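S.K.: Submitted below is the structure of interest, expressed as structure tokens.
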Amino acid sequence: MRDDGITLAELLIVISIIGILTVAGGFSFEGWMGTYRIESQIKELYSDLMEARTRAMTWNRMHFVVLNINNYVVYEDTNDNAILEPGAGGDNPVPGYMDPGTLNARAKMVQYDLGWVGTIEFDTRGLSSSAAAVSVPVALPPGIHPDYDCILVYQSRIRIGQMSGGLCVYK
């Protein structure tokens with residue numbers, strides 16, 4: 001007599017293998033998503049810094065990027081005095097960082113805290129006011145190692161990098 005079915009033991013083995021692969025894939029996916037979020041945040045901040053620099057050259061006005069622990073705002077020097085004075089009668093946030101219908105700043109929130117707080121200024125030639133490189137790292141959760149987790153702002157260029165030994169090394 002010939003049986004063409006499968007045994008219960010074979011079925012249990014296949015189900016356990018599928019379960020193990022699913023659990024392993026879930027942990028891998030979770031780590032990948034954390035890495036993706038950090039790299040996305042760094043690339044978005046990089047893009048906003050480059051846009052502030054380009055706007056400074058295009059509009060022939062200084063631009064300021066104010067970085068806080070969990071947010072940042074880009075301002076335009078609307079009163080042309082080369083000093084950051086946000087608020088009424090002072091400098092205004094650029095579109096995209098402004099509450100609709102007002103001149104109030106709306107900060108762009110970041111998911112992972114920034115490791116440097118301060119202001120980066122871009123003059124009308126697109127040069128940063130910092131004489132030395134400014135490193136803007138991101139606070140990383142344990143176990144996540146993204147390819148990009150910091151930004152270097154030099155006087156004439158902006159680069160994305162990775163923290164290594166306490167220093168941001170551009171890639």
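S.K.: Would a scan of segment 70-77 turn up a residue that is surrounded by 12 or more Cβ atoms within 10 Å (Cβ to Cβ), of a type in the set (Asp, Glu) and farther than 15 Å from Gln41 by Cβ?
M.R.: Within segment 70-77, one or more residues are surrounded by 12 or more Cβ atoms within 10 Å (Cβ to Cβ), of a type in the set (Asp, Glu) and farther than 15 Å from Gln41 by Cβ.
S.K.: Count, please, the residues in segment 48-66 that happen to be under 13 Å from the mean Cα position of the chain (by Cα) and surrounded by fewer than 21 Cβ atoms within 10 Å (Cβ to Cβ). Lay out the reasoning, then the answer.
M.R.: We begin by selecting, within segment 48-66, every residue under 13 Å from the mean Cα position of the chain (by Cα); these are 48-50.
Those left that are additionally surrounded by fewer than 21 Cβ atoms within 10 Å (Cβ to Cβ): 48, 50.
Within segment 48-66, residues that are under 13 Å from the mean Cα position of the chain (by Cα) and surrounded by fewer than 21 Cβ atoms within 10 Å (Cβ to Cβ) number 2.
Residues checked against (1) out of contact with any helix residue (DSSP H, G or I) (no Cβ under 8 Å at 6 or more places or on another chain); (2) closer than 17 Å to Gly126 by Cβ:
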position	(1), (2)
Thr22	yes, no
Gln41	yes, no
Met50	yes, yes
Thr54	yes, yes
Met57	yes, yes
Tyr72	no, no
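S.K.: Failed condition for Trp116, given (1) touching a Lys or Arg at 6+ places or on another chain (Cβ under 8 Å); (2) of a type in the set (Phe, Trp, Tyr); (3) at pLDDT below 90, with all others met?
M.R.: Here Trp116 clears every test but (1).
S.K.: Being under 24 Å from Thr54 (Cβ atoms), assigned to a loop (DSSP other than H, G, I, E, B) and hydrophobic (A, V, I, L, M, F, W, C) is the filter here; which residues of segment 130-145 pass it?
M.R.: Of everything in segment 130-145, those that are under 24 Å from Thr54 (Cβ atoms), assigned to a loop (DSSP other than H, G, I, E, B) and hydrophobic (A, V, I, L, M, F, W, C) turn out to be Ala131, Ala132, Ala133.
S.K.: Here's another thing I want to ask about it. If we scan segment 101-110, do we find a residue that is at positive phi, without any contact (Cβ under 8 Å) to a residue 24 or more places away in the chain and loosely packed, with under 11 Cβ neighbours inside 10 Å?
M.R.: Step one: filter segment 101-110 for residues at positive phi, giving 101.
Now narrow it down to the ones that are without any contact (Cβ under 8 Å) to a residue 24 or more places away in the chain: 101.
Checking which are loosely packed, with under 11 Cβ neighbours inside 10 Å leaves us with 101.
So far as segment 101-110 goes, yes, one or more of its residues are at positive phi, without any contact (Cβ under 8 Å) to a residue 24 or more places away in the chain and loosely packed, with under 11 Cβ neighbours inside 10 Å.
S.K.: Please verify whether Ile42 is modelled with pLDDT of 90 or more, under 13 Å from the mean Cα position of the chain (by Cα) and surrounded by 16 or more Cβ atoms within 10 Å (Cβ to Cβ), treating the condition exactly as stated.
M.R.: yes
S.K.: Here's something else I'd like to know. Can you tell me which condition Tyr148 does not meet? The list is (1) in contact (Cβ under 8 Å) with a residue 12 or more places away in the chain; (2) surrounded by fewer than 20 Cβ atoms within 10 Å (Cβ to Cβ); (3) assigned to a loop (DSSP other than H, G, I, E, B), and all the others hold.
M.R.: Going through (1) in contact (Cβ under 8 Å) with a residue 12 or more places away in the chain; (2) surrounded by fewer than 20 Cβ atoms within 10 Å (Cβ to Cβ); (3) assigned to a loop (DSSP other than H, G, I, E, B) one by one, Tyr148 breaks only (2).
The rows are residues; the columns are (1) at pLDDT below 85; (2) acidic (Asp, Glu); (3) in contact with a Gly (Cβ under 8 Å, 6 or more places away or on another chain).
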{"residue": "Tyr72", "(1), (2), (3)": "no, no, no"}
{"residue": "Gly87", "(1), (2), (3)": "yes, no, no"}
{"residue": "Gly90", "(1), (2), (3)": "yes, no, no"}
{"residue": "Val138", "(1), (2), (3)": "yes, no, yes"}
{"residue": "Ile144", "(1), (2), (3)": "yes, no, yes"}
{"residue": "Gly166", "(1), (2), (3)": "yes, no, no"}
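S.K.: Report, by residue number, each residue of segment 125-153 that is in contact with a strand residue (DSSP E or B) (Cβ under 7 Å, 6 or more places away or on another chain) and not hydrophobic (A, V, I, L, M, F, W, C).
M.R.: Ser128, Ser129, Ser130, Ser135, Pro137, Asp147, Tyr148, Asp149
S.K.: Name the single residue that is nearest to Pro141 (Cα to Cα) among those in segment 93-129 being in a loop (DSSP other than H, G, I, E, B) and among the aromatic types (Phe, Trp, Tyr).
M.R.: In the first step, residues of segment 93-129 are kept if they are in a loop (DSSP other than H, G, I, E, B); the result is 94-97, 99-104, 106-107, 110-113, 115-117, 123-127, 129.
Applying the additional criterion that residues be among the aromatic types (Phe, Trp, Tyr) yields 97, 112, 116.
Working: Tyr97: 27, Tyr112: 9, Trp116: 17 Å.
Step by step, filter segment 93-129, then rank; the result is Tyr112.
The values are calculated or read from the model by the stated rules, or taken from the named source; none is laboratory data. Treat the numbers as computed from the prediction; the structure is a model and nothing was measured. All Cβ positions, glycine included, derive from the backbone under ideal geometry; neighbour counts span all protein chains shown.
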